[in-house]
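S.K.: Sharing a structure here in structure tokens format.
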Amino acid sequence: MKSVYRLSGFFFFGLGTLGIFLPLLPTVPLYLLAIILLSRASKRDIVRLKRIPFIGKRIYPYIKRSVKYIQSWNTRPQSLST
């Protein structure tokens, strides 16, 4: 299952990169989808995105912030009774 997340994450990251040059492809939603899928696969894949020249260092803070936000979705809701 992790390999499916990984392959689809890199696929959508590639489509997002094409969206920079092609005006019909939306860049940001494809990058967000890629981040969600890669965060499900492994942390190592996110570090790979950081190492991409020119782009990696600029998008890594956004990736880190969005992964923390996505992980907050995965937590169980706290009990209302105290």
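The values are calculated or read from the model by the stated rules, or taken from the named source; none is laboratory data. Only a predicted model underlies this, so the values are computations on that prediction, with no experimental measurement involved. Cβ: placed from backbone, ideal geometry, glycine included. Neighbour counts: every protein chain shown. Only protein heavy atoms, including side chains, enter the accessible area calculation; ligands, DNA and RNA are left aside. Shrake-Rupley method; radii C 1.70, N 1.55, O 1.52, S 1.80 Å.
S.K.: Net charge near LYS2, counting Lys/Arg +1 and Asp/Glu -1 over other residues with Cβ under 15 Å of its Cβ?
M.R.: Numbers: positive: ARG6, ARG40, LYS43, ARG44, ARG48; negative: ASP45.
Taking every Cβ under 15 Å from that of LYS2, the sum is +4.
S.K.: For LYS50 paired with LEU24, estimate the spin-label separation in nm (one decimal), with each label point 7 Å from Cα along the Cα-to-Cβ line.
M.R.: Result for the modelled spin labels: 3.7 nm.
S.K.: I would also like to ask the following. Can you give the net charge of the other residues whose Cβ lies under 15 Å from the Cβ of GLY14, counting K and R as +1 and D and E as -1? Don't skip to the end; give the middle numbers.
M.R.: On the way: positive: ARG6, ARG48; negative: ASP45.
That works out to +1.
S.K.: Now, a different point. Per residue of the range 38-52, what does 6.51 cos²θ - 1.76 cosθ + 1.60 with θ = phi - 60° give for ³J(HN,Hα)? Whole Hz please, x for Gly and Pro, Karplus curve as stated.
M.R.: Ordered by residue, 3J(HN,Hα) equals 6, 5, 6, 6, 5, 6, 4, 5, 5, 5, 4, 5, 5, 7, 5 Hz.
S.K.: Over the heavy atoms of ARG44, what accessible area does a 1.4 Å probe trace out, to the nearest 10 Å²?
M.R.: 140
S.K.: A follow-up question, please. Mind ranking VAL28, VAL47 by accessible surface for me, highest first, 1.4 Å probe?
M.R.: Values: VAL28 95, VAL47 60 Å².
In descending accessible area the options line up as VAL28, VAL47.
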